[in-house]
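First up is the structure itself, then whatever we jot down about it.
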Amino acid sequence: MPQQPDRQVVVRSTRVLTPEGERPADVIVVGERIAAVQPHGGALPAGADLVDLGDDALLPGLVDTHVHVNEPGRTEWEGFASATRAAAAGGVTTLVDMPLNSVPPTTTPDALAVKRATAAPSVHVDTGFWGGAVPDSLGALRSLHDAGVFGFKCFLLPSGVPEFPELTGDQLAHAMRETASFGGLLIVHAEDPGVIGAAPDAAGRAYAGFLASRPPAAETTAIAGLIGLARETGCRVHVLHLSSAAALPLIADARRDGVAVSAESCPHYLTLTAEQVPDGATEFKCCPPIREAGNQDALWTGLAEGTIGCVVSDHSPATAALKQPPDGDFDTAWGGISSLQLGLPAMWTEARRRGHTLADVARWMSAAPAELAGLAAKGAIAAGRDADFAVLAPEETFTVDPAALHHRHPVTAYAGRTLHGVVRATWLRGAPVARDGAVDGPPRGRLLTRP
Ligand SMILES: [Zn+2]
């Protein structure tokens, strides 16, 4: 639905998630922006339409800064149209695409231009791009930064695709000095190749075997090294998809010392446990792995204390043939969990069970990732921000049916789970883009560049 520039809508709910917390409010939307947040039930401005949500909660649209869209080049794995439909259906209004698994990977300004041209006609939500720091891009990161990527992703061990090689320790130090020189952000897949090389092999159907092949020490070793370099270089670094709670004290101590390090975790680490993964169930494979229940409890403590700031999907699909090989071998299966459409209910289900509030979920899944990427117009229901909303029926439940997902491949580790929180509607810049799981109209998403 195209909005007239001055169209006024009042979105009313008894449960509006504002930066100050949850309260009954009228959100006054003018065109694409939030003009004001006022007391619930006030007089309507002349000519305004009213959308009364009753007791359904109004959250800021989710900002998912960790999505592998894989287009162009591996479009059979996912794509901008399918991924952003899944996002819209799941309450996500902004995503930032990872630089790898597409071909070309986003490691040069030319490659970024290819990605942008591919995405532009297809996106149902606002979409930005991370760049990649690979050995060949060192020395030239500034040009990609200036082209508008939000930061640079790197690996310290093989990424899983040959066109996106990892950095050695020396190259990581180089990348951090270079990134610090222009005030950029480095986002890191923090698993140490030495620790993983010395761990047992992952081959076979046993989940315990896969888990043992990626021990917590791989994360703590990598993160300790990263923090050391961050202290030395002043580079702002972000730890992607933290799985091992053993690394939390390192991150908390560094943050207390003023080191510019932040961390995210993902719904699968916070809601699924190793104990629940059947042998051969490679839909649960991701790297680093889903760990035991005790580790998960400690991750929630890290979230509550703010050591982990963001919760983002790491949506990383592949074809069913790659994701679920017939022999159920954890070594050869693709690592990645598809949850773009399910992150909000998955997180809310576990958060509410643990005594957290919707305000916490809005902070972890919208405000904090928006802040990480510097998206000042996103992440809050407040005057001046984009009118991006997720309308959630928090106490309603549903059972995850893979056939109802918009992801290109209906493979999910959440199949058959009953979750709390039904996404009733998603609004992008002043108008609905999805209702009750159906995505409305032609793509209205915009491409975002680093401000
Ligand atoms: Zn990822």
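Readers should treat all values here as calculations from the given coordinates under stated rules, not as data from a laboratory. Note that the structure is predicted; figures quoted are calculated from it, not measured. Every residue, glycine as well, gets a Cβ built from its backbone with ideal geometry; the counts of neighbours run over all protein chains shown.
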Open item on the list: Modelling each spin label as a point 7 Å along the Cα-to-Cβ direction, I'd like the Ala198/Glu76 distance in nm, to one decimal.
Closed with: 4.0 nm
TODO: Quick one: Debye curve from the alpha-carbon atoms of the chain only, equal weights, vacuum; give me log10 I(q)/I(0) at q = 0.06, 0.07, 0.09 Å⁻¹ to two decimals.
DONE: -0.23, -0.32, -0.53
- [ ] Determine, for each peptide in 16-26, 95-105, the mean count of other beta carbons within 10 angstrom over its residues, then list the peptides with the highest first.
- [x] 95-105, 16-26
Open item on the list: With a cap of 16 neighbouring Cβ atoms within 10 Å, and only residues DSSP puts in a loop, list the trypsin sites (Lys or Arg not before Pro) found in segment 310-366.
Closed with: Arg354
- [ ] For the chain, find the longest principal axis of its Cα atoms and tell me its angle to the long axis of helix 216-233, 0 to 90°, nearest 10.
- [x] 80 degrees
Open item on the list: Just to be sure I understand the model, the point goes 7 Å from the Cα along the line to the Cβ. What's the resulting Ala403 to Glu232 distance in nm?
Closed with: 5.7 nm
TODO: For n ≥ 4 DSSP H runs only, could you compute -39500 (n - 2.57) per run for the chain, divide by its residues and tell me the 222 nm figure to the nearest 500?
DONE: -7500 deg cm²/dmol
- [ ] For Ala35 and Asp136, compute 0.36 nm times the residue count separating them, minus their Cα-Cα distance, and round to one decimal in nm.
- [x] 31.8 nm
Open item on the list: Only four residue types carry charge here, +1 at the Cβ of Lys and Arg and -1 at the Cβ of Asp and Glu. Report the dipole size of the chain about the Cα centre in Debye, rounded to the nearest 20.
Closed with: 800 debye
- [ ] Can you tell me the FRET efficiency between Ala415 and Leu447 if r is taken as the Cβ-Cβ distance and R0 is 41 Å, rounded to the nearest 0.05?
- [x] 0.80
Open item on the list: Only four residue types carry charge here, +1 at the Cβ of Lys and Arg and -1 at the Cβ of Asp and Glu. Report the dipole size of segment 371-451 about the Cα centre in Debye, rounded to the nearest 20.
Closed with: 380 debye
Task: Cα-based equivalent ellipsoid, segment 291-381: semi-axes from gyration tensor eigenvalues, Å - done: 28, 18, 12
Task: Cα long-axis angle, helix 80-89 against the chain (0 to 90 degrees, to the nearest 10) - done: 60 degrees
Open item on the list: List the residues, sorted by chain then number, that are 5 or more residues from Asp279 or on another chain and whose placed amide H is less than 5 Å from its amide H.
Closed with: Tyr207
- [ ] Return the long-range amide H neighbours of Ser262 (sequence gap of 5 or more, or a different chain), with a cut-off of under 5 Å between placed amide H atoms.
- [x] Val237, His238, Val239
